[in-house]
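Accompanying notes for the structure given below.
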Amino acid sequence: MTIATAPQRRRTRAETDLEQAFEAMASALPGDIGPRAGAFARFAAEGLPHRRVEAYHFTDLRSLMVSAPPPAPRPSAKTRVSADVFAAVDAARAVFVDGWFMADLSDLSGLGEGVSVTSIAAALATGDEVLAALGARLDADVTAESDPLVGLATTFYGDGLVVRVAPGAVAARPLEIRHLSSGASVSAFVRHAVEVGAGASLQVIESHQSPNDLEFHAHTLTELTLAEGATVAWTDRQKEGDQAARFSSLALSLGKKAVLDHSVITLGAKLARTQIFARLGEACDLTTRGATLIADRAHADATLFVTHVGPNAVSRELYKSAIDGEAKSVFQGKIRVEKTAQGTDGRMGAHAVLLSPRAEAMAKPELEIFADDVACAHGATVAEIDDTLKFYLMSRGIPAAETERLLIRAFLGEVTDAIAHEGVREAIEAELDGWIDGRVAR
Amino acid sequence: MLEIKNLHAEIEADGREILRGLDLTVKAGEVHAIMGPNGAGKSTLSHVLAGKPGYRVTQGTATLDGVDILEMDPALRAANGLFLAFQYPVEIPGVGNMTFLKAALNSQRKARGEGEMSTPDFMRLVRTEAGKLKITQDMLKRPVNVGFSGGEKKRNEILQMAILQPKLCILDETDSGLDIDALKVVSEGVNALRSPDRAFVVITHYQRLLDHIRPDVVHVLSKGRIVKTGGPDLALELEAKGYADFADEAA
């Protein structure tokens, strides 16, 4: 008997790397292997996404992700820790190296009553009930669940944090989650689950950093749930090295009247993709803003899927990028308004400024509306630095380089000015200045 | 102070010649008015002197206190004492007016080898000058010219002039878009800056502005050249007779 089989597509090197890693590790991966194997099977069936996959049309991972370094083992405790960009901010700190929580480098004190932070690796070892927090947001969102990068993080994660804020509790200081590299060429896989109870509030500052000249792949999958009336401010800043890849997925669920203010600042990585899968309940308020500054041959993608499920919710998405060299930025944003989401107020904007003749920007904002009483808008612009503005500033004696700095900062100001925490905002503004000043040196 | 000799300039994009052998000498302490019909090259002259991109100088020279300015970028011309008050001041979203003023002043001081002005001194200077021009705190806090009325924009130009203390001020159609009250405030601001070591070139289509800013010399610009020079009476004559004579003469 002959069984007809579909012709096997030739695997890319990165796909082969990942398959071999999974085969080698499968028996050793902690916790229930079922969900991991399921996630990997889904990934393996399609392989890395490519340009014919709509969500990855502009970010073809089959060609951009050439290889996949092996999943990171837990690093030795003697890792050198680079300077903290948010050192001046009074915060509790959870430090990860190559995706592993380092208790001795962390200080989780002072978050106050009602805030618990648990390492997932520790919970996996004991089968702790906090693990129940993992997967809930993904199960509710087929777009997120079927995403290949989400699949990889779900397959390989070894550690992460489960953060719970009890109903009504207010975190006494921000929680900084620092993701660092040991200097090894590895793939780090981290999963976080953050649950903020009814009426509770939390501030999270996330930072990602790795050295230049290192093939380091950083995968992060974060599930964030805000219960009714919860308030969260979240700033995510990444400055991965010039040969690094960063894949960041955020699955969000906002309950009734919950408020999330989210910013993502992208300053590094050769290849970066930030994706947000948001499901919005009744009368909640989601703001997410992005500032991307990339140069050389970097490729940075921000892809948002915002689904309004409950009525009368507000969503605001504003993503801006300044692109130099031969770099390329991609913005894809889809606001979907379900039939149940009457009274939705959604507005999305993507704006890019090209700082060199070979810089590129792609923008694809989309609306998909099934309710009839909504106010939704989107807009996208791509421009160069305006010569008229530049001449005006120069005619007052401001030199060309300083003029560009002022104009780039002004362009990104809508994103950075809105970061409410002064210390966080100032640290980020200083980094933007550094990047802009660095243009002169390039 | 300003010495322009046989200046020829064309539009870079299409090679159209706008200035065709312009000569002009302005001495320190003087106010010169340049009048002329639409299309004579009045705004082009101000743009070429300030270094706006899009023009090509094909012949001639322009020096400020003996220094050739045509090779300098606009910022360096400003640091050397040239100031252009724009006909249409530009709105710059995201750049605060105070940030802008401070960057401008300190950039110029730095270029001239002077130290930066301290923040308290700067604040005092701005408050004093803004008060004279009836510029409110709110206008100072807003982004440069954003949401300003036509009159507010022109007053903001004069504020910059007062703070930067240039040697040579070129006013490009400063009266356009101004009602009579705004015109008075702006003119008073300009007159307050008149001094023996500063010169003004006032470009205007109408005589009206010259009732408020009294010129020492009036020039008629037509088809890219100065075709007539006279005293303040020349402006009145033009107002009465129009530019028809000069258009014909040059044609």
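Checked against (1) open to solvent by less than 20 Å² (accessible area, probe 1.4 Å); (2) at pLDDT below 95, B:GLY15 passes all but a single condition, namely (1).
When you scan region A:373-384, do you find a residue that is within 13 Å of chain B (Cβ to nearest Cβ), open to solvent by 40 Å² or more (accessible area, probe 1.4 Å) and among the hydrophobic types (A, V, I, L, M, F, W, C), even just one? Yes, region A:373-384 has at least one match. Residues that are surrounded by fewer than 18 Cβ atoms within 10 Å (Cβ to Cβ) and in contact (Cβ under 8 Å) with a residue 12 or more places away in the chain were ranked within region B:105-114; the one that is farthest from the other protein chains (Cβ to nearest Cβ) is B:ARG112. If you go through region A:129-136 one residue at a time, do you hit one that is surrounded by fewer than 21 Cβ atoms within 10 Å (Cβ to Cβ) and under 20 Å from A:ALA26 (Cβ atoms)? For region A:129-136, residues surrounded by fewer than 21 Cβ atoms within 10 Å (Cβ to Cβ) and under 20 Å from A:ALA26 (Cβ atoms): present.
Take region A:405-430 and flag every residue that is open to solvent by less than 30 Å² (accessible area, probe 1.4 Å) and more than 11 Å from chain B (Cβ to nearest Cβ). Give the steps one after another, and end with the answer.
The initial filter retains those residues of region A:405-430 that are open to solvent by less than 30 Å² (accessible area, probe 1.4 Å), namely A:406-408, A:410, A:412-413, A:415-416, A:419, A:423-424, A:427-428.
Selection gives A:ILE419, A:GLY423, A:VAL424, A:ALA427, A:ILE428.
The residue pairs whose first member lies in region B:157-181 and is under 15 Å from B:LEU64 (Cβ atoms), whose second member is open to solvent by less than 10 Å² (accessible area, probe 1.4 Å) and β-branched (Val, Ile, Thr), and whose beta carbons are closer than 9 Å, counting only pairs six or more residues apart or on different chains, are B:LEU168/B:VAL26; B:LEU168/B:VAL201; B:CYS169/B:VAL190; B:CYS169/B:VAL201; B:CYS169/B:VAL202; B:ILE170/B:VAL201; B:ILE170/B:VAL202; B:ILE170/B:ILE203.
The one condition from (1) touching a Gly at 6+ places or on another chain (Cβ under 8 Å); (2) of a type in the set (A, V, I, L, M); (3) away from chain A (no Cβ under 13 Å) that B:ALA28 does not meet is (1). Considering region B:80-96, and only residues there that are of a type outside the set (A, V, I, L, M, F, W, C) and more than 17 Å from A:GLY413 (Cβ to Cβ), the residue that is nearest to the other protein chains (Cβ to nearest Cβ) turns out to be B:PRO89.
When you scan region B:153-167, do you find a residue that is of a type in the set (Gly, Ala, Ser), at negative phi and at pLDDT below 90, even just one? No: region B:153-167 contains no residue that is of a type in the set (Gly, Ala, Ser), at negative phi and at pLDDT below 90. Would you mind stating whether A:LEU432 is without any contact (Cβ under 8 Å) to a residue 24 or more places away in the chain, part of a helix (DSSP H, G or I), over 24 Å from A:LYS334 (Cβ atoms) and touching a helix residue (DSSP H, G or I) at 6+ places or on another chain (Cβ under 7 Å)? So A:LEU432 does not fit the description; no.
In region B:115-203, counting only helices (runs of 4 or more DSSP H) that sit wholly within it, the ones holding 1 or more residues that are within 22 Å of B:ALA103 (Cβ to Cβ), of a type in the set (Gly, Ala, Ser) and open to solvent by less than 40 Å² (accessible area, probe 1.4 Å) span B:119-132, B:150-164, B:180-193.
Yes/no per residue for (1) out of contact with any Asp or Glu (no Cβ under 8 Å at 6 or more places or on another chain); (2) on the phi > 0 side of the Ramachandran plot; (3) modelled with pLDDT of 95 or more; (4) of a type in the set (Asp, Glu):
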{"residue": "A:ILE3", "(1), (2), (3), (4)": "yes, no, no, no"}
{"residue": "A:LEU29", "(1), (2), (3), (4)": "yes, no, no, no"}
{"residue": "A:ASP32", "(1), (2), (3), (4)": "yes, no, no, yes"}
{"residue": "A:PRO35", "(1), (2), (3), (4)": "yes, no, no, no"}
{"residue": "A:ALA39", "(1), (2), (3), (4)": "yes, no, no, no"}
{"residue": "A:LEU61", "(1), (2), (3), (4)": "yes, no, yes, no"}
{"residue": "A:LEU64", "(1), (2), (3), (4)": "yes, no, yes, no"}
{"residue": "A:PRO75", "(1), (2), (3), (4)": "no, no, no, no"}
{"residue": "A:ARG93", "(1), (2), (3), (4)": "no, no, yes, no"}
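When the test is whether a residue is closer than 25 Å to B:GLY177 by Cα, more than 9 Å from chain A (Cβ to nearest Cβ) and surrounded by fewer than 19 Cβ atoms within 10 Å (Cβ to Cβ), B:ASP68 does not pass it. Just one residue in the set A:ALA269, A:ALA172 is aliphatic (A, V, I, L, M) and either over 23 Å from A:ARG80 (Cβ atoms) or part of a strand (DSSP E or B) (or both); that residue is A:ALA172. Per the conditions (1) touching a Lys or Arg at 6+ places or on another chain (Cβ under 9 Å); (2) within 14 Å of another protein chain (Cβ to nearest Cβ); (3) among the β-branched types (Val, Ile, Thr), the sole criterion not satisfied by B:THR174 is (2).
One line per residue, one yes/no per condition, for (1) over 18 Å from the mean Cα position of the chain (by Cα); (2) among the basic types (Lys, Arg):
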| position | (1), (2) |
| --- | --- |
| B:GLU3 | no, no |
| B:ALA9 | yes, no |
| B:ASP14 | yes, no |
| B:LYS27 | no, yes |
| B:ILE34 | no, no |
| B:GLY60 | yes, no |
| B:LEU70 | no, no |
| B:PRO74 | no, no |
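Condition check ((1) more than 12 Å from every other protein chain (Cβ to nearest Cβ); (2) touching a residue at least 12 places away in the same chain (Cβ under 8 Å); (3) more than 28 Å from B:VAL144 (Cβ to Cβ); (4) outside any strand (DSSP E or B)) across all residues:
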{"residue": "B:GLU10", "(1), (2), (3), (4)": "yes, yes, yes, no"}
{"residue": "B:HIS32", "(1), (2), (3), (4)": "yes, yes, yes, no"}
{"residue": "B:ALA40", "(1), (2), (3), (4)": "yes, yes, yes, yes"}
{"residue": "B:THR44", "(1), (2), (3), (4)": "yes, yes, no, yes"}
{"residue": "B:THR58", "(1), (2), (3), (4)": "yes, yes, yes, no"}
{"residue": "B:THR61", "(1), (2), (3), (4)": "yes, yes, yes, no"}
{"residue": "B:ALA78", "(1), (2), (3), (4)": "no, yes, no, yes"}
{"residue": "B:MET98", "(1), (2), (3), (4)": "yes, yes, no, yes"}
{"residue": "B:ALA103", "(1), (2), (3), (4)": "no, no, no, yes"}
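Among the residues of region A:61-83, those identified as in a loop (DSSP other than H, G, I, E, B) and open to solvent by 30 Å² or more (accessible area, probe 1.4 Å) are A:VAL66, A:PRO70, A:PRO73, A:ARG74, A:SER76, A:ALA77, A:LYS78, A:ARG80, A:VAL81, A:SER82, A:ALA83. Here is a check on your reading of the model: is A:GLU402 away from chain B (no Cβ under 14 Å) and of a type in the set (Asp, Glu)? No: the conditions fail for A:GLU402. Can you find a residue that is surrounded by fewer than 20 Cβ atoms within 10 Å (Cβ to Cβ), without any contact (Cβ under 8 Å) to a residue 24 or more places away in the chain, away from chain A (no Cβ under 14 Å) and not in a loop (DSSP other than H, G, I, E, B) anywhere in region B:211-225? Scanning region B:211-225, I find at least one residue that is surrounded by fewer than 20 Cβ atoms within 10 Å (Cβ to Cβ), without any contact (Cβ under 8 Å) to a residue 24 or more places away in the chain, away from chain A (no Cβ under 14 Å) and not in a loop (DSSP other than H, G, I, E, B), so the answer is yes. If the condition is being more than 14 Å from chain B (Cβ to nearest Cβ), open to solvent by less than 70 Å² (accessible area, probe 1.4 Å) and under 22 Å from the mean Cα position of the chain (by Cα), then region A:336-366 contributes A:GLY346, A:MET348, A:ALA350, A:ALA352, A:ALA361, A:MET362, A:ALA363, A:LYS364, A:PRO365, A:GLU366.
Only a single criterion out of (1) more than 12 Å from chain A (Cβ to nearest Cβ); (2) in a loop (DSSP other than H, G, I, E, B) is not satisfied by B:LYS52, namely (1). In region A:287-311, the residue that is farthest from A:ALA363 (Cα to Cα) out of those that are open to solvent by 10 Å² or more (accessible area, probe 1.4 Å) and β-branched (Val, Ile, Thr) is A:VAL309. Checked against (1) within 14 Å of chain B (Cβ to nearest Cβ); (2) in a strand (DSSP E or B); (3) open to solvent by 60 Å² or more (accessible area, probe 1.4 Å), A:THR388 meets all criteria but (2).
The values are calculated or read from the model by the stated rules, or taken from the named source; none is laboratory data. For clarity, every value in this text was computed on a predicted model and none was experimentally measured. Heads up, the Cβs are rebuilt from the backbone with ideal geometry, glycines too, and the neighbour counts pull from every protein chain shown. Each accessible area value is taken on the protein alone, full model and side chains, heavy atoms only, with ligands, DNA and RNA left out. Shrake-Rupley method; radii C 1.70, N 1.55, O 1.52, S 1.80 Å.
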